[in-house]
Amino acid sequence: MIPPPDGGACVAMVGKDCVAIACDLRLGMQALTVSNNFPKIFSYGDVHLGLTGLATDVSTVSDLFRYKVNMYRLREERNISPQTMANLVSSSLYERRFGPYFVSPVIAGINQTSGKPFICGFDSIGCIDFAKDFIVSGTASDQLFGTCEGLWEPDLVSCACSGDMG
Amino acid sequence: MNHLPQAWGRPRDDVYGAYDNSHFQTNGPTTHTQSPIVTGTSVVAAKFKDGVVIAADNLASYGSLARFTDVKRLRKFNSLSVVGFGGDVSDMQYLDRLLNSLDIRENYSSTDPENALNAKNLHTYLAKVMYKRRSDFNPLWNHLLIAGLDGEGKPFLASADLLGTTFSSPTLATGFGAHLAQPIMRRVIPDEAAVAGVSKEDAIKLVKESMKVLFYRDARSMDQYSIAVITKEGVELKENEKLENQSWEFAERIRGYGTQVN
Amino acid sequence: MAALFSGAPPQGGPGYSFKQTPTMAPSGERQHGFYPYTDNGGSTLGISGADFTIMAGDTRSTSGYNINTRYAPKLFKIGGEGPDNKGARIVLSVVGFAADGDALKERLDTIVKMYKYQHGKPMSVSACAQRLSHVLYNKRFFPYYVHAILGGIDEDGKGALYSYDPVGSYEREQCRAAGAAASLIMPFLDNQVNFKNQYEPGSGTGHDLQAKVAQPLPRDTVESIVRDAFTSAVERHIEVGDGLQMMIITPNGVEETFTPLKRD
């Protein structure tokens, strides 16, 4: 039995020498809004992780990765790169292959070694989707797919990337 | 002795017991087809520059049993059109009788061959019959292909199924053929514009090739089939074609499934 | 006397052979094994402008993962003269179950033609829109499984667009997407046609932001929005593709265009 996801949406995008990641702030139970201040993006140094799906798992998984990234920092004495984070997320989710966290994570960040933007998305058991353009996730993913596919183009600059279509 | 006229000609109760009339009950529930029983498999057809080729094998299956091996599933309606039937055979025979009566009615009301029902008219008629029956929750469990010439003498090919869904395309196939034959035929005739470059011989070859592939891979098919070519010259229907040049030689070169994996 | 020749045996009397009360055939409800609907995929959309309405739809027809045909129009001219609907000023688009769509189109076309025959003037879009609602609601308990959009020019010469649910509830709108990729196209339209989530540049931040006001768009802009909407939908939805059929309704008539889309 898969529990119904709590509503939420997240999108990450690559622009010219930049990335953007955004989420809504609503926490709901179907049509009932419970909170209007429930962020779904969590920052771990240079890497940003968006989590949509079951709200309890969003909290659990975000805390789990805070712990894992802190441990990484202590051992390695450096920040985690987005690519390494992607593999950490993937393997951590796959550990729960037969009892998954009900989340669809999104990663956005800039690799501080290469200076290149990086985004990727996952399914709930850790299959990575390396996209060059954008990643969408959550209950409004169809809608986000439509808008992103219609509006995205290479080398968008940062003000356009953040949704202020001036 | 019972003198009531209603009792005349009936077995006597005192001799034979109460008459069991249950077998000629007419007010039981009306029954509708819930699933096909004896079925025909794919029908395939392709347009060419001055007509249409259509083919279907001569097998009627009862589940997985090859029950009747000489059932003709192509029906010539007139010199302009042929119908190919996939699906339930009894419903096919009902439609066959329906088309017979339609043809007789048409021949009485109009003797002008110019106004004969063409393939397009026939398709519209059959599609409406199918849609009416599905709307009554009493479907005719068939998928039909209607091939022939339209009102302007141009090649016409269209389909109608048990839900009343209709569509038209330069190549069409029902059932298993939609998966196996359609990709082969679309490679040769990708769109309406390509039809003009296809000769009668090309189209026949294409349809025969499709029938061969279907015989190789469709377990409910057989190697005897009917094939019809409809052109301005009329309908050329052959009902006892045999698949030729069968060979599994190509299988030697197939890699990736079966006993060998690489 | 009449009872003597009624054909029925005397009640409780010396019956003839039909003595037993008729036994019913095996009772118990049987489940219907037949589902009268299917989904033929595809998407449609309509946008109305100041003096025109654009209707569009892809031409792919599907059943499951199969492509039935690459050219099955979802846009139909309604009214006008003869089987080619010459001089028609109303366009209907239907997406969903294609057989119901065709049946609905034929019903509405007949109604609009009969209206002109009986009243000597063409039916207005608003009247046609309301009638379409009734036609759909008449089958409330065995619906036409389609999402319909009706486009035309209203009595003031402005572009008119009406959208429907399968049982006839309807509304006049500026733009509407329907069908398989409606969820992908509609938010794009909200943003590009009604300027939702767009703000005047440099108008400040937070509550100071000035929303960009929607205004009727010129025809070529609308045409390119429609093309973009469909090329995007083709990328992300497998049931959309093959061809894009557009009908542009102006006070001078209906222009029809066809552009190929990806066939993968």
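Here is how the numbers come out for the structure above:
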item: FRET efficiency estimate (nearest 0.05) - Cβ-Cβ, B:Lys242 to C:Tyr65, R0 30 angstrom; result: 0.35
item: Full-extension gain in nm, B:Arg97 to B:Asp136, via 0.36 nm per residue minus C-alpha separation; result: 12.0 nm
item: Rg followed by Dmax, in Å, when the range B:38-242 is reduced to its Cα trace; result: 15.8, 47
item: Gained length - B:His32 relative to B:Glu233, 0.36 nm times residue gap less alpha-carbon distance; result: 68.3 nm
item: Cβ-Cβ FRET estimate between A:Ala31 and C:Glu200, R0 fixed at 22 Å, reported to 0.05; result: 0.10
item: Spherically averaged projected area of the range B:188-262 from its Cα convex hull (nm²); result: 7.3 nm²
item: Accessible surface of A:Val34 - all protein chains present, 1.4 Å probe, nearest 10 Å²; result: 90 Å²
item: Positive-pole candidate from B:Ile227, B:Trp248, B:Ala7, dipole of the protein assembly as shown, charges at beta carbon; result: B:Ala7
item: Given charges at Cβ of Lys, Arg, Asp, Glu: the range A:9-161 dipole, positive-most of A:Val58, A:Phe145, A:Gly28; result: A:Val58
item: Share of pairwise Cα separations in chain C, more than 28 Å, in percent; result: 45 percent
item: Simple label model, 7 Å out from Cα along Cβ direction - B:Lys49 to C:Glu235, nm; result: 4.1 nm
item: Calculated over the protein assembly as shown: convex hull of Cα atoms, volume per residue (Å³); result: 290 Å³
item: Farthest positive-ward along chain C dipole, Cα basis, beta-carbon charges - from C:Ile249, C:Phe76, C:Val222; result: C:Phe76
item: Spin-label pair C:Phe141/A:Asn87, simplified geometry with 7 Å Cα→Cβ offset, distance in nm; result: 6.5 nm
item: Amide hydrogen neighbours beyond the local backbone of C:Gly87, cut-off 5 Å, H modeled; result: C:Glu81
item: Student exercise, the range A:9-161 dipole from Lys, Arg, Asp, Glu Cβ charges, in Debye to nearest 20; result: 460 debye
item: Highest-fluctuation residue, B:Lys47, B:Lys242, B:Lys212 considered, GNM on chain B with Cα pairs under 10 Å; result: B:Lys242
item: GNM flexibility winner over chain A from A:Gly138, A:Gly15, A:Gly150 (Cα, springs under 10 Å); result: A:Gly150
item: Dipole magnitude of the range B:44-173, debye to nearest 20 (Cβ charges: Lys/Arg +1, Asp/Glu -1, about Cα centre); result: 200 debye
item: Solvent exposure ordering (accessible area, 1.4 Å, most first) of B:His123, B:His32, C:His147; result: C:His147, B:His32, B:His123
item: The range C:43-88, dipole about Cα centre (Lys/Arg Cβ +1, Asp/Glu Cβ -1), debye to the nearest 20; result: 200 debye
item: Nitroxide proxy distance, nm - points 7 Å out along Cα→Cβ at B:Ile104 and B:Gln224; result: 2.9 nm
item: Orientation-averaged projected area, Cα convex hull of the range A:7-166 (nm²); result: 9.7 nm²
item: Theoretical FRET efficiency, 1/(1+(r/R0)^6), r = Cβ-Cβ of A:Leu64 and A:Ile128, R0 22 Å, to 0.05; result: 0.80
item: Buried solvent-accessible surface, both chains (B, C), 1.4 Å probe, Å² to nearest 100; result: 3200 Å²
item: Note, ³J(HN,Hα) from phi for the range B:53-61, Karplus 6.51, -1.76, 1.60, rounded to Hz, x at Gly and Pro; result: 10, 9, 8, 7, 6, 9, 9, 10, 9
item: Test item: C:63-76 mean partner chain Cβ contacts at 10 Å; result: 4
item: Anchor B:Lys232: lysines whose Cα lies under 25 Å away (excluding residues fewer than 8 positions away in-chain); result: B:Lys47, B:Lys49, B:Lys72, B:Lys76, B:Lys120, B:Lys154, B:Lys200, B:Lys205, B:Lys208
item: For residues of B:165-172, the mean tally of beta carbons on other chains within 10 Å; result: 6
item: Total formal charge among the other residues, if their Cβ is under 11 angstrom from that of B:Leu144, Lys/Arg +1 and Asp/Glu -1; result: 0
item: Sites excluded, GluC sites (Glu not before Pro) in DSSP loops with at most 14 other C-beta within 10 Å, longest stretch of chain B; result: B:1-151
item: Shielding by other protein chains, A:145-157, mean Cβ within 10 Å; result: 6
item: Calculated diffusion of the range C:120-190, Stokes-Einstein form, Kirkwood radius summed over Cα pairs, 20 °C and 1.002 mPa s, µm²/s; result: 164 µm²/s
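The values are calculated or read from the model by the stated rules, or taken from the named source; none is laboratory data. Everything numeric in this text was worked out from a predicted model, so none of it was measured. When we count neighbours, we look across all protein chains shown, and the Cβ atoms used for this are built from the backbone with ideal geometry, even at glycine. Surface areas here come from the heavy atoms of the whole protein model, side chains and all, with no ligands, DNA or RNA. Shrake-Rupley method; radii C 1.70, N 1.55, O 1.52, S 1.80 Å.
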